[in-house]
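Encoded as structure tokens, the structure appears first; notes follow it.
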2 protein chains.
Amino acid sequence: MRLSQSFLPVLKESPSDAQIASHKLMLQAGLVRQTAAGIYAWLPLGWRVLQKVEQIVREEQDRAGAQEMLMPTIQPADLWRESGRYDAYGPEMLRIKDRHDREMLYGPTNEDMITALFRDDVKSYRDLPRMLYHIQWKFRDEVRPRFGVMRGREFLMKDAYSFDLDEAGGQRSYYRQLLAYLRTFRRMGIKAVPMQADSGPIGGKLSHEFIILAPNGESEVFYDAAVESIDLDRPGLSYDDDAGLAALFNEVTGSYAATDETHDPARWAMVDDKAKRTGRGIEVGHIFYFGDRYSKAMGLKVSGRDGDMVTPMMGSYGVGVSRLVGAIIEASHDDNGIIWPEAVAPWKVGIVTMRADDEATVAAAADLYQKLGAAGVETLYDDRDERGGVKLGGMDLMGLPWQIIIGPRGLKDGVVEVKNRASGEREELTPEAALAKLTS
Amino acid sequence: MRLSQSFLPVLKESPSDAQIASHKLMLQAGLVRQTAAGIYAWLPLGWRVLQKVEQIVREEQDRAGAQEMLMPTIQPADLWRESGRYDAYGPEMLRIKDRHDREMLYGPTNEDMITALFRDDVKSYRDLPRMLYHIQWKFRDEVRPRFGVMRGREFLMKDAYSFDLDEAGGQRSYYRQLLAYLRTFRRMGIKAVPMQADSGPIGGKLSHEFIILAPNGESEVFYDAAVESIDLDRPGLSYDDDAGLAALFNEVTGSYAATDETHDPARWAMVDDKAKRTGRGIEVGHIFYFGDRYSKAMGLKVSGRDGDMVTPMMGSYGVGVSRLVGAIIEASHDDNGIIWPEAVAPWKVGIVTMRADDEATVAAAADLYQKLGAAGVETLYDDRDERGGVKLGGMDLMGLPWQIIIGPRGLKDGVVEVKNRASGEREELTPEAALAKLTS
């Protein structure tokens, strides 16, 4: 993409009304614009990142055996009456009346709908187990939306639902999602610590929140650093290996990790001081086994192997997809701007011409741009007629992993500069060597 | 995908409450389920098709030079007051009050929002022209939703918006979208005829609806068959070639094509009788140049080349993405079910075992399934323990372009059957030859 032809508006000043780094940077670098309190439009730069985050979530769900579908945003209130939680749900639910005065709502989550859909089409034990998911916009009418997309009102969520014939099956589905979540977050370059969460009246240990550290996070967190070094690549750890999955779960549960809600000072005292980690955290995912909570209330039953009717056991598994974009920035930025992990970067490489009026510079830049594109490397070419310093600042702000800086001085010696945004390392290379480095 | 592990529910009976073929087939083959009047959940089969349709739309927009972004579904009413159409918009608009009693709405379209976003970030003629688009769910509260996803209330739309410095530029953007639309629909295997549409108070010819024939269509259409044979691959027809684009526009406008709204019996009488085509039609796209209608009302101005302030000229370009899934089925089905054009098929190949209890059959099927997958061919393997006839009926209903039918009888002679869903042609081939045919 040529910047001169793009809609990539960058703000000169850091916006003063944003409280946290990710919110400031998303506004300043032109990822999003607020269109109403807690509601954002994703401009092309933000949209590219959002799509990459979404795609990583999708791929790991598919690998875990979940099947994608798509439920609508607007739901009938009666569905929530059937599951018994329409009245219980607070003012966070956006309630709507249509032109015929029917009560509707903008879905904050989909347990009720997926249970009804599954109930209407699945009749036999032979059609279980199943795991279904969708990636769809949700709405929660937060009383004070803040922190940009980290706590917005309209947000993109991946929610998966598992249906199993018994508790053992439900547990297996839970373990698979646990692994999928750990792999998902790792691919994005963020540390999201699984923490024991309150599982309400159902009890048990099958409820985890995935939390990343952020200075203004909504809860206080306490965890043993051991949980950060769990090996996800070890032999025997696959979605089909029950023993490996159980071992992973035990390892996760064996290391202390809790939010202020579930914190246990006695257990905390037993953690080695050197391994203690505390801070504020923001939730980016939640997995939860809730058994027959919805299937029972909504009459979902299938004929069992022996002819009896069986009530399937369910779990739900959420990832805040749009929130993750903010979370990644919280985890990866410096004073100059965003530092994208390569897996979610809007473009891998940015090309900057230091002098847009120098023929040799422009020719070298256009040539590299064309060759990188031909090699399938996503490249943003800042070809604008702007001062070099302004362009370099913009590149640092937008945070592409690699910059190629081209100017008359270097070209005289036959070189361009290749800069790594994360480390700040710079190398002078011939254009050919730069190309080889960034396409390898 | 193995059907035994999928959520692909097929109805035994054709649903009696659906009026048109596409609606019946989408329900029966398990593409969608209605969750409220005019609101649908897309099950995995439907979701796969919807994604492919969306991706074709996206690719052609990108080629035409439009940049993707994403605007939210919920908009503030004040934005529509600014453009002056909040009160004028009828009961089709889903009006909402949030917890603080602020007036919001579920966006039926986005002219107002994109104009505001562009206005707030773009200040100079150097940042024009631009074309932006998004693919997002919209809501129109139809009084009587019907025909399934063809006229639903919540629907997926691609809407693009162009910003140009003058009318000539606006016209160029319009021509580019015209070409993009013709190419988009052709890739999906449907005939969508561009028809002169009412351009309201602005006048001029820069308003076209793209209409496909369907027996229960909402309007009557009249057109000259010549418009169906416009050559989109001729040399010189590219997004950067103004003369080629203008010639295309003249050719489109030169052939008579109108709905009952714009029908002109005098011009119609002049069309060669052999070339006359009439029928009922459904709109799947609309492109529209509206000049400064929104930029003027909302104060969008940029500094011009000579320092004066310029009001950009705009156009908007919509495609009914979810509606297209129904439109494709209307255009391509028979008594046995759907016939997917390969470009949008949920899977390219379906494998059916006639006897799930025959070892050789299952081994041959599993082997082909594995090899097709390894070759990157999307394959659905019906490995269920069901009667062969039931499985064949299901495959015809779901409409995958190719079927491989494997049974003990054929295998004794070393062959499987390869069936083309569209032509009904069957061929007996060795498994190796079948593989070669479907991977070539």
Tensor-based shape of region A:229-303 (alpha-carbon gyration tensor, a/c under 1.5 rounded, otherwise prolate or oblate): oblate
Cross-link partners of A:Lys158 among lysines (Cα-Cα below 21 Å; sequence separation of 8 or more within a chain): A:Lys52, A:Lys138, A:Lys191, B:Lys52, B:Lys138
If each label sits 7 angstrom from Cα along the C-beta direction, how far apart, in nm, is A:Ala37 from its counterparts in the other copies? 3.3
Work out how much length A:Asp272 to A:Ala436 would gain on full extension: take 0.36 nm times their residue separation and subtract the Cα-Cα distance, in nm to one decimal. 54.4 nm
Inter-copy spacing of B:Ser229 label points, which lie 7 Å from Cα along Cα→Cβ, given in nm from shortest upward: 7.5
Calculate the mean, over all residues of peptide A:43-50, of how many other protein chain Cβ atoms lie within 10 angstrom of the residue's Cβ. 4
Suppose we consider the axis relating copy B to copy A; can you name the residue of B with the nearest Cβ and state that distance in angstrom as an integer? B:Ile96, 3
According to the square roots a ≥ b ≥ c of the eigenvalues of the Cα gyration tensor, what is the shape class of region A:53-147, taking rounded for a/c under 1.5, prolate for a/b larger than b/c otherwise, and oblate for the remainder? oblate
Between copies, how close do the A:Lys97 label points come, placed 7 Å along Cα→Cβ, listed in nm from shortest? 0.9
Where the centroid of each part is defined by its Cα atoms, how far is region B:38-108 from region B:288-306 in Å? 23
Simple Cβ-charge dipole of region B:347-439, Lys/Arg +1 and Asp/Glu -1, about Cα centre, in debye nearest 20: 220
Shape call for region B:3-338 from the C-alpha gyration tensor, a ≥ b ≥ c root eigenvalues: rounded (a/c under 1.5), prolate (a/b greater than b/c) or oblate? oblate
Column: log10 I(q)/I(0), Debye, Cα scatterers of region B:347-439, q = 0.12, 0.15, 0.17, 0.25 Å⁻¹: -0.30, -0.47, -0.62, -1.47
Helix-derived [θ] at 222 nm for chain A: sum -39500 (n - 2.57) over DSSP H runs of at least 4, divide by residue count, nearest 500? -9500 deg cm²/dmol
What nm value, rounded to one decimal, do you get for the distance between A:Arg102 and B:Asp335 when each label is placed 7 Å out toward the C-beta? 3.5
Once R0 is set to 41 Å, what does the formula 1/(1 + (r/R0)^6) return for the Cβ-Cβ distance between B:Gln5 and B:Glu427, expressed as a FRET efficiency to the nearest 0.05? 0.90
Hey, fewest Cβ within 10 Å first, where do B:Ser124, A:Ser207 land in order? B:Ser124, A:Ser207
Ordered by fewest other Cβ atoms within 10 Å, a rough proxy for footprinting exposure, A:Tyr369, B:Tyr106 read A:Tyr369, B:Tyr106
Of B:Ala375, B:Trp347, B:Leu429, which is farthest along the charge dipole of region B:347-439 in the positive direction, counting Lys and Arg as +1 and Asp and Glu as -1 at C-beta? B:Trp347
Quick one: pull the percentage of alpha-carbon pairs in the protein assembly as shown with a separation above 52 Å. 17
Check cross-link reach from A:Lys371 to the aspartates and glutamates: straight Cα distance under 15 Å, and skip same-chain residues fewer than eight apart. A:Glu432
12 Å Cα-Cα reach of B:Lys419 towards aspartates and glutamates, excluding residues that sit fewer than 8 places from it in its own chain: B:Asp396, B:Glu427, B:Glu428
Exercise: per-residue mean of other protein chain Cβ atoms within 10 Å, B:232-243: 0
Quick check: the angle from helix A:167-187's long axis to the longest principal axis of chain A, C-alpha only, nearest 10 degrees? 10
Please give the average number of partner chain Cβ atoms lying within 10 Å of the Cβ of each residue in A:91-97, rounded to a whole number. 4
Computed from the beta carbon distance with a Förster radius of 51 Å, FRET efficiency for A:Asp78 and A:Asp367 to the nearest 0.05 stands at 0.25
Arrange B:Lys391, B:Lys371, A:Lys437 by Cβ neighbour counts within 10 Å, fewest through most, would you? A:Lys437, B:Lys371, B:Lys391
Separation in nanometres of the label points that stand 7 Å from Cα toward Cβ, at B:Arg144 and A:Tyr89: 3.1
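Since every read-out is calculated from the coordinates, none of them should be taken as a lab result. No experiment lies behind these values; they were computed from the predicted model shown. Here the Cβ is made from the backbone with ideal geometry for all residues, glycine too, and neighbour counts use every protein chain on show.
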